[in-house]
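Notes to accompany the following structure.
Please treat every number below as a calculation from the coordinates, not as lab data. All values reported here derive from a predicted model rather than from experimental measurement. Glycine also receives a Cβ, built like all others from the backbone with ideal geometry; neighbour counts cover every protein chain displayed.
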Amino acid sequence: MKGAFLRFDPRVISSIWQSSYLPHKSNLLYGLAVVSLLAYAALGLSHHRGGSLSQSVMCVLGVTVFLLQGKPLVSSFVVKLFACAVLIQLASWGLSLQAHPQWAESSPKVHRLGVWFLIIPVAYLFGGQTRNIFLVWFVVFVGLALSPWLSGAGWSELEYGFKGRRVDFGIINAQHTSMLFGVAMLAILSLTYRVFKGGGHVVWFRFLIWAGALTVSFMGVAFTQTRGVWFGLVVSFVALLFILIYLFWVREKGETSLKPLGISALALLIVSMIGVVSLKDTINLHRFYSEQQTITDLLQGNKDFNHTNSAGVRVVSWMEAMEKVEERPLLGWGGRGRRMVVEQSEKLSDSFKAITRHLHSTYFDTLVNYGIAGLSLMLVLFGYLYYGSYRAWKNKIMPTDMFIFIGMFFPFWLVINTFESFMYYSSGSFVFSLVGGCALSYIWRDNLCSSAESLNAAKSCDDSI
């Protein structure tokens with residue numbers, strides 16, 4: 001073992017990182033792929049060049065391992081969706097080249113929708129194992145918590161945040177930073193039951209770690225002052241309420257003890273109160289109400305609403321996007337469609353056009369670029385992961401706290417992508433690859449356990465999670 005610390009030894013990886021899938025034909029290749037995944041988790045947020053490089057390496061190694069060793073998962077539904085994504089982008093590019101070559105891209109690009117399917121190599125490397133997933137997520141959270149120093153301006157930026165100024169810690173912009181801390185909040189909340197499960201003095205140690213992580217996440221959301229993320233969190237908390245009702249009163253029919261839930265709720269209330277009191281001067285409520293008149297005008301159908309503020313420019317660009325969608329509804333205008341909408345608009349200011357090439361909505365970006373076919377692909381992918389997670393949990397493959405997190409994440413994700421194009425940014429693809437990869441990993445494990453085609457699949461059902 002002494003030599004293992006001096007050189008890369010795949011046996012070290014295999015002893016730490018376990019998989020419930022088929023046996024590995026090459027421990028070296030698999031170990032390198034796992035290391036690249038951990039590097040992606042560590043660098044994906046704080047180091048743009050390192051994150052991009054580690055993503056590419058992880059994708060190449062992960063896909064290679066998956067194709068060589070992942071049978072029968074290679075023929076799974078999500079792989080077929082990826083093939084559809086490639087065909088949709090090629091067809092959209094071909095039609096745009098024929099109909100309006102001045103707006104068509106010079107060559108076909110398949111990465112815009114293809115990046116959504118980073119979940120495939122990530123899911124295979126996760127191996128359906130909760131321990132692997134927790135390890136990667138821990139690395140991500142550490143990087144996120146240290147982002148003020150790794151990519152931001154350090155203590156001075158935190159000081160600005162405490163004074164009520166909007167900050168972003170150097171991660172694209174404040175909306176993306178807020179999204180990342182919002183997802184962290186959901187993940188930490190989903191672990192509440194696991195934190196308080198059992199007893200003894202160690203529960204208080206776990207509580208301190210849990211409370212500290214939750215407070216850091218809450219502060220990150222507060223400092224970044226993004227209304228769409230706050231709205232998404234509210235929707236996810238409502239989803240959590242229905243999930244808990246189903247879990248404890250419908251599914252278990254009152255047989256599950258509510259004591260851990262009560263302790264968790266009390267702890268969450270205390271932490272929330274401490275956070276609100278300590279940050280009451282930090283959260284800039286003026287920003288939340290600054291565009292209330294614009295929203296009121298829109299709801300009342302007033303066409304003279306403010307076109308220059310955040311809400312106004314979004315609505316204007318969405319309205320003009322729909323005009324383009326009506327012209328080419330099925331496959332859209334190609335990869336530069338959303339840019340075309342912005343540049344051809346007569347209502348958007350030149351200053352806005354100079355810095356923006358998208359429509360601040362994943363859904364409108366997808367509709368303009370790839371039409372109903374592209375949007376349908378995305379919604380089918382979301383639905384597959386959501387329902388598959390429920391089935392994996394029902395079959396006792398996915399742990400309950402993971403199911404709770406997935407149940408909160410997708411409502412949150414659907415809401416916030418209405419107001420920003422997260423699925424087309426590196427931050428969004430980073431989050432979706434790790435969260436969607438988690439869901440898909442359990443789905444594949446569930447499929448293997450339900451299949452009688454492989455004796456190795458049956459073994460994966462016996463491993464602890």
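The C-alpha radius of gyration of the stretch 316-453, expressed as a fraction of 2.2 N^0.38 Å, stands at 1.26. Sort the stretch 91-149 into rounded, prolate or oblate with this rule: let a ≥ b ≥ c be the square roots of the eigenvalues of the Cα gyration tensor; rounded if a/c is under 1.5, and if a/c is not under 1.5, prolate when a/b is larger than b/c, oblate otherwise. The shape class here is oblate. Per-residue 3J(HN,Hα) values for the stretch 208-215, derived from phi via the Karplus relation 6.51 cos²θ - 1.76 cosθ + 1.60 with θ = phi - 60°, read 4, 5, 4, 5, x, 5, 5, 5 Hz in sequence order (x marks Gly and Pro).
With the convex hull drawn around the C-alpha atoms of the stretch 356-397, the volume per residue stands at 69 Å³. When both the stretch 382-428 and the stretch 59-120 are represented by their alpha-carbon centers, they are found 21 Å apart.
Reducing the stretch 198-247 and the stretch 128-148 to their Cα centroids gives an inter-centroid distance of 16 Å. When each of the peptides 180-189, 142-151 is scored by how many other beta carbons lie within 10 Å of its residues on average, the order from highest to lowest is 180-189, 142-151.
Charges on Cβ only, +1 for Lys and Arg, -1 for Asp and Glu, centred on the Cα centroid of the stretch 102-251; of Leu191, Phe231, Val136, which one is farthest towards the dipole's positive end? Looking along the dipole axis, the top candidate is Leu191.
From the square roots a ≥ b ≥ c of the eigenvalues of the alpha-carbon gyration tensor of the stretch 68-207, which class results: rounded (a/c under 1.5), prolate (a/b over b/c), or oblate? Oblate shape, in that a/c is at least 1.5 and b/c is the bigger or equal ratio. When +1 charges are put on Lys and Arg Cβ atoms and -1 charges on Asp and Glu Cβ atoms, the dipole computed for the stretch 129-226 relative to its Cα centre reaches about 320 debye.
Along the stretch 55-72 the Karplus relation, 6.51 cos²θ - 1.76 cosθ + 1.60 evaluated at θ = phi - 60°, assigns HN-Hα couplings of 5, 5, 5, 4, 5, 5, 5, x, 5, 4, 4, 4, 5, 7, 10, x, 5, x Hz to successive residues, with x for each Gly and Pro. Here the 3J(HN,Hα) profile of the stretch 364-381, calculated from phi with Karplus coefficients 6.51, -1.76 and 1.60 at θ = phi - 60°, is 6, 4, 5, 4, 5, 6, 10, x, 4, 4, x, 5, 4, 4, 5, 5, 5, 4 Hz, Gly and Pro shown as x. For the stretch 205-251, just say rounded, prolate or oblate: build the C-alpha gyration tensor, square-root its eigenvalues into a ≥ b ≥ c, call rounded for a/c under 1.5, and beyond that prolate if a/b exceeds b/c, oblate if not. The shape class here is oblate. Estimated from the Cβ-Cβ distance and a Förster radius of 60 angstrom, the FRET efficiency linking Ser349 and Leu68 is about 0.70. When peptides 381-389, 425-433 are sorted by average Cβ neighbour count within 10 Å, with the highest value leading, the order is 425-433, 381-389. When each of the peptides 168-178, 120-130 is scored by the mean number of other C-beta atoms lying within 10 Å of its residues, the order from highest to lowest reads 120-130, 168-178.
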